[in-house]
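Asks: Got a structure for you, written out below as structure tokens; questions coming shortly.
The values are calculated or read from the model by the stated rules, or taken from the named source; none is laboratory data. Every value quoted in this text rests on a predicted model; they were computed, and no experiment measured them. As a convention, Cβ positions derive from the backbone with ideal geometry for all residues, glycine included, and neighbour counts pool all protein chains shown. Just so you know, the surface numbers come from the protein's heavy atoms only, side chains and all, with ligands and any DNA or RNA stripped out. Shrake-Rupley method; radii C 1.70, N 1.55, O 1.52, S 1.80 Å.
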Amino acid sequence: MDKYLLPAGYEFQRIQHDNERLRQGKELFDSDAIASLKPANGNNERFELLSSLKDYALPNYDDLPAIYGDLREPLVAVANVSRASQIVPINTVYGELPGKTSADIINLVVDIFDMLRYADIENTFSALCEIYRDETDTNVQDKIIKTIQHLAHYDLDVWRQVGPQVQLVNTIEQMRMVEGAVPRAILLTVWREVLDSDVTGTSWASNSVKLSSGALPVSDEVKIIKAKAMAGLFELFKGSSSEPDKRQIISSLKQATRPSGHAAPSKELLQLTLSAAKKIVDFLTEQSSGQEYQLLEHIEHDLLYDYRRARELLKDEKDQLSSHTFAKALVQSIENYRDTINADAQFVRYKTLVGFESTF
């Protein structure tokens, strides 16, 4: 019994469970569950429909790209209409349960978009932007941002099939023609991910999960993507008025200067990060006039570590990584930034007497 009947009973239970899921999924599509989302009566009913769609129907459908166009608009509409719906308690034989909120509905909608993110990258991104713009719940906003991170991140499996995700960068360029189409937080998220030097992936088996990671391969497409992301962040910096916003942008730009954290970078990747670092320093030097002293001090302190790393590369007499030219140019740019901001005697007094990140 232990050897044969118990394992067989477990397998029959699995078959029954899978058959039930398939049956429910088929019933959902036969009853046109997508069309029934809009006229759903209240968030409790919407939650049930969305849960069934996510758990039973979509995982068992074999051609998701074919139905994506029919899904996008109803899902966005459900997210929007849920915000105006009142919370109604759920009556059960054991008493009342708390009713579903708009956050519950929108979280499910975002989960579905996350499942389908590669079915249509452009439409997924625009839908998430549309939901984010009207959302006030910070937890829901954070979930949307994390989903966009998944979409923008360099995924190893996707990379093997289609290479760099140039579609997202081009989509942003097109959408930004309409003012406010892409919220600032989403722009920062996408460009930060695009500037990353790591590529990761996850593969699943019946009894294991395999995590893979490596350094980003450098190609002309990658260089174009990173250049566009840096240009976008430069533009955001020029349009920002507060110091915290500028610090956030500088933090995102720093992603372009970091080699891979999971593998030894190639010569091409090291050269690319050094070249990006120089462009960033040159830009910050141009923008240094009129900036708050606290920000100038923070940048100078941050660049000190880039300066030391570049100097370490120059100590390699054989130049095994072919990086001397790029490292020397970066050192000169950092010294130029230092000399430019320290020409202001008032700034030197500030960082001497007041500053918390002073560099001398």
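Asks: Evaluate the distance, in nm, between pseudo-label points positioned 7 Å from the Cα of Val93 and of Glu45 along their respective Cα→Cβ axes.
Replies: 2.4 nm
Asks: Using 0.36 nm per residue, how much length does the chain from Ala185 to Glu335 gain when fully extended, once their Cα-Cα distance is taken away?
Replies: So the extension gain works out to 50.8 nm.
Asks: When ligands, DNA and RNA are left out and all protein chains stay put, how many square angstrom of accessible area per residue does segment 54-179 have with a 1.4 Å probe?
Replies: Here the residues of segment 54-179 average 52 Å² of exposed surface.
Asks: I need to check one value: relative contact order of segment 226-278, counting alpha carbon pairs closer than 8 Å and at least 6 residues apart, in percent.
Replies: This gives 30 percent for segment 226-278.
Asks: Do you know the relative contact order of the chain, to the nearest whole percent, from alpha carbon pairs under 8 angstrom that are 6+ apart?
Replies: Taking the mean separation of contacting Cα pairs over the length of the chain, I get 10 percent.
Asks: In addition: Over segment 41-182, what relative contact order in percent results from Cα pairs under 8 Å that are six or more residues apart?
Replies: Across segment 41-182, relative contact order equals 23 percent.
Asks: Tally Lys/Arg at +1 and Asp/Glu at -1 over every other residue whose Cβ is under 14 Å from the Cβ of Leu187; what's the total?
Replies: Net charge in that neighbourhood comes out at +1.
Asks: Given the C-alpha atoms of the chain, compute the convex hull and give its volume per residue in Å³.
Replies: Expressed per residue, the convex hull around the Cα atoms of the chain is 222 Å³.
Asks: What 222 nm value per residue comes from the helices of the chain, counting each DSSP H run with n ≥ 4 as -39,500 (n - 2.57) and dividing by all residues, nearest 500 deg cm²/dmol?
Replies: It comes out at -20500 deg cm²/dmol, rounded to the nearest 500.
Asks: May I ask you to give the percent of accessible area on the chain that is carbon plus sulfur, with a probe radius of 1.4 Å?
Replies: For the chain, the apolar C and S fraction of the accessible surface comes to 51 percent.
Asks: Send over a whole-number figure in Å² for the accessible area per residue of segment 208-360, probe 1.4 Å.
Replies: On a per-residue basis, 54 Å².
Asks: Next question, about the same structure. With every protein chain in place, what's the accessible area of Phe283 (1.4 Å probe, Å², nearest 10)?
Replies: Probe radius 1.4 Å; accessible area of Phe283 about 10 Å².
Asks: Follow-up. Which one of Val281, Val199, Val93 has the biggest mean-square fluctuation once the chain is modelled by GNM with Cα springs under 10 Å?
Replies: Taking springs between Cα atoms under 10 Å, the residue moving most is Val93.
Asks: Could I ask something else about it? Tell me the net charge near Asp137. Cut-off is 12 Å between Cβ atoms, Asp137 excluded, with +1 for each Lys or Arg and -1 for each Asp or Glu.
Replies: That works out to -2.
Asks: Relative to the longest principal axis of the C-alpha atoms of the chain, give the angle of the C-alpha long axis of helix 64-82, reported between 0 and 90° and rounded to the nearest 10°.
Replies: 90 degrees
Asks: Can you tally the net charge around Lys318? Count Lys and Arg as +1, Asp and Glu as -1, for every other residue whose Cβ sits under 15 Å from the Cβ of Lys318.
Replies: Overall, the nearby charge balance is -2.
Asks: Describe numerically, in nm with one decimal, the distance between label points set 7 Å from Cα along Cα→Cβ at Ser242 and at Glu221.
Replies: Here the modelled spin labels are 3.8 nm apart.
Asks: How far is helix 184-194 tilted off the main Cα axis of the chain, in degrees rounded to 10, range 0 to 90?
Replies: 80 degrees
Asks: Which of the three applies to segment 224-305, rounded, prolate or oblate, going by the alpha-carbon gyration tensor with a ≥ b ≥ c and a/c under 1.5 meaning rounded?
Replies: prolate
Asks: Then there's this: Give me the number: length gained by fully extending Thr202 to Asp2, i.e. 0.36 nm times residue separation minus the C-alpha to C-alpha distance, one decimal in nm.
Replies: Taking 0.36 nm per residue and subtracting the Cα distance, the gain is 68.5 nm.
Asks: Run the reach check for Lys267 against lysines, Cα to Cα strictly under 30 Å, same-chain hits fewer than 8 apart removed. What comes back?
Replies: Answer for Lys267, where 30 Å is the Cα cut-off: Lys210, Lys223, Lys226, Lys228, Lys254, Lys278, Lys279, Lys315, Lys318, Lys328, listed by chain and number.
Asks: Could you work out how far apart the two model spin labels at Lys318 and Val348 are, taking each label as a point 7 Å from the Cα in the direction of the beta carbon, and quote it in nm?
Replies: Taking the two extended label points, one gets 4.3 nm.
Asks: Using the charge dipole of the chain (Lys, Arg: +1 at Cβ; Asp, Glu: -1 at Cβ; taken about the Cα centre), state which of Ala119, Trp159, Gln332 has its Cα farthest towards the positive end.
Replies: Gln332
Asks: Between 0 and 90 degrees, rounded to the nearest ten: what's the tilt of helix 243-253 against the longest Cα principal axis of the chain?
Replies: With both axes taken from Cα atoms, the answer is about 80 degrees.
Asks: Return the single residue from Ala229, Ala84, Ala256 with maximal mean-square fluctuation; model: Gaussian network over the chain, springs between Cα atoms under 10 Å.
Replies: Highest fluctuation of the listed residues: Ala84.
Asks: I would also like to ask the following. R0 = 35 Å: FRET efficiency of Ala231 with Ala84, Cβ-based, nearest 0.05?
Replies: 0.35
Asks: Another question, if that's okay. Take the chain, connect every pair of alpha-carbon atoms lying under 10 Å apart with a spring to form a Gaussian network, then pick out the residue of Ser219, Ser275, Ser203 with the largest mean-square fluctuation.
Replies: Ser203
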